[in-house]
1. Filter region 88-115 for residues that are assigned to a helix (DSSP H, G or I) and open to solvent by 20 Å² or more (accessible area, probe 1.4 Å) and give the result.
2. Within region 61-81, which residues are part of a helix (DSSP H, G or I), of a type in the set (Gly, Ala, Ser) and open to solvent by 40 Å² or more (accessible area, probe 1.4 Å)?
3. How many residues does region 26-41 contain that are in contact with a helix residue (DSSP H, G or I) (Cβ under 6 Å, 6 or more places away or on another chain) and surrounded by 22 or more Cβ atoms within 10 Å (Cβ to Cβ)?
4. Condition test on Ala85, is it open to solvent by less than 90 Å² (accessible area, probe 1.4 Å), touching an Asp or Glu at 6+ places or on another chain (Cβ under 6 Å) and either closer than 30 Å to Phe210 by Cβ or at pLDDT 90 or above (or both)?
5. Which of (1) in contact with a strand residue (DSSP E or B) (Cβ under 6 Å, 6 or more places away or on another chain); (2) at pLDDT below 85 does Tyr111 not meet, given it meets every other one?
6. With the structure loaded, tell me whether Ala20 is touching a helix residue (DSSP H, G or I) at 6+ places or on another chain (Cβ under 8 Å) and of a type outside the set (Lys, Arg) or whether it fails that test.
7. If I filter region 165-174 down to residues being touching a Pro at 6+ places or on another chain (Cβ under 8 Å) and within 10 Å of Val87 (Cβ to Cβ), which single residue comes out as surrounded by the fewest Cβ atoms within 10 Å (Cβ to Cβ)?
8. Can you pull out the residues in region 282-307 that are of a type in the set (Asp, Glu) and under 24 Å from Gly141 (Cβ atoms)?
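The values are calculated or read from the model by the stated rules, or taken from the named source; none is laboratory data. Just so we're clear, the structure is a prediction, and the values are computed from it rather than from any experiment. Cβ coordinates were reconstructed from backbone atoms using ideal geometry, including for glycine residues, and neighbour counts include every protein chain displayed. Ligands, DNA and RNA are excluded from the accessible area calculation, which covers all protein heavy atoms including side chains. Shrake-Rupley method; radii C 1.70, N 1.55, O 1.52, S 1.80 Å.
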Amino acid sequence: MTPQDQQERADRAGLLYGFAAYAFWGLVPLFWPLLEPAGAVEILAHRMVWSLAAVGLVLLALRRWSWIRPLLREPRRLGMIALAATVISINWGLYIWGVNSGHVVEAALGYFINPLVSIAFGVLLLRERLRPAQWAAVGVGTVAVAVLAVGYGKLPWIALTLAFSFATYSLAKKRVGLDGLESLAAETAVQFLPALGFLVWLGARGDSTFASEGAGHAALLASCGFVTALPLICFGASAVRLPLSTIGMLQYVAPTFQFALGITVFHETMPPERWAGFSLVWLALALLTWDALRTARRARRELANAAARAAALSATVEGGVVPEAGVLPEAGLVPEAGLVPEAGLVPETVVSDVAIVATADAAVSDVAVSDAAVPDARPGSISGG
């Protein structure tokens, strides 16, 4: 098998894994209603407890424990994990409540606008510089929120809370620097004791549905760990096989599925002003995607040209020809236009671009969009669930 055949095979497998992960996150609104009559907080607590069990078993099988000791010696990273665990708890709980309360479409909106919130965080918190297309997308997104506020008769607070909590979560995860499974294990370890304590208290009051609604209901609650871990594993398998730009396109599968489910399965209404607002959001995302792909293509082309010039110069030197003064810069061994900070390819703009070609770890939070939709440089992030 040639290297090209191997790459094509890896790409196909990556696409399958990636689509499976985001489709799973997109279809997860069908799962949460199955857990009723349990309330959103009880479901959330079970998700925290069983997710730690599921991820712990996976890490045990993979023997991936070496990250724990170094992490425990770094209080700042532990603080970031605590912050991530807090905001993802808000995100998970609100998403479950939103789905079971008839707000699937608005929950999907939260993950559609998450890339725009991530860009806003990049500008306000990380002092990034945006390109004109990115500014245009942010402007269109702001108008979209205003239009949707008119359509809903109030600010779409569920969507905004989901988007801001997930963007905060992704930013915290970026500072922690752990892979998806390890990060989820650390976060659910923080969540575990409060969640278990709540479930014990709920059972002592006689309000727990885990033991009172039959074995089938208990099994469904326990499967929350599987529902959380499986798409994350698929996403991880995809992320190592595909470029971020491809994953960035896949991230929109999850909120698109959620949006379609809200209309076709949950029969939520979509008056004209909501269609107008969603159309503006999709326009903003199209601008961001086009700009990110254009920038990525230009960067790859310029890096390839620089590598070719470097190879040619190396061959010349090995042949015994000594470069004259001034040859090195002309040979492309210094950054070309487009590879210097003005071109936006330095860390100042990385988070903004990643908002489109995004991370998963975000994925852990149910929402896609991505490794691509978040400052985490991994799309997972944008999916809900």
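1. Scanning region 88-115 gives Ser89, Ile90, Leu94, Trp97, Asn100.
2. Result: Ala61, single match.
3. Residues meeting the conditions: 4.
4. So Ala85 passes the test.
5. (2)
6. Considered against the rule, which asks whether it is touching a helix residue (DSSP H, G or I) at 6+ places or on another chain (Cβ under 8 Å) and of a type outside the set (Lys, Arg), Ala20 comes out as yes.
7. Checking each candidate, the answer is Leu171.
8. Asp291
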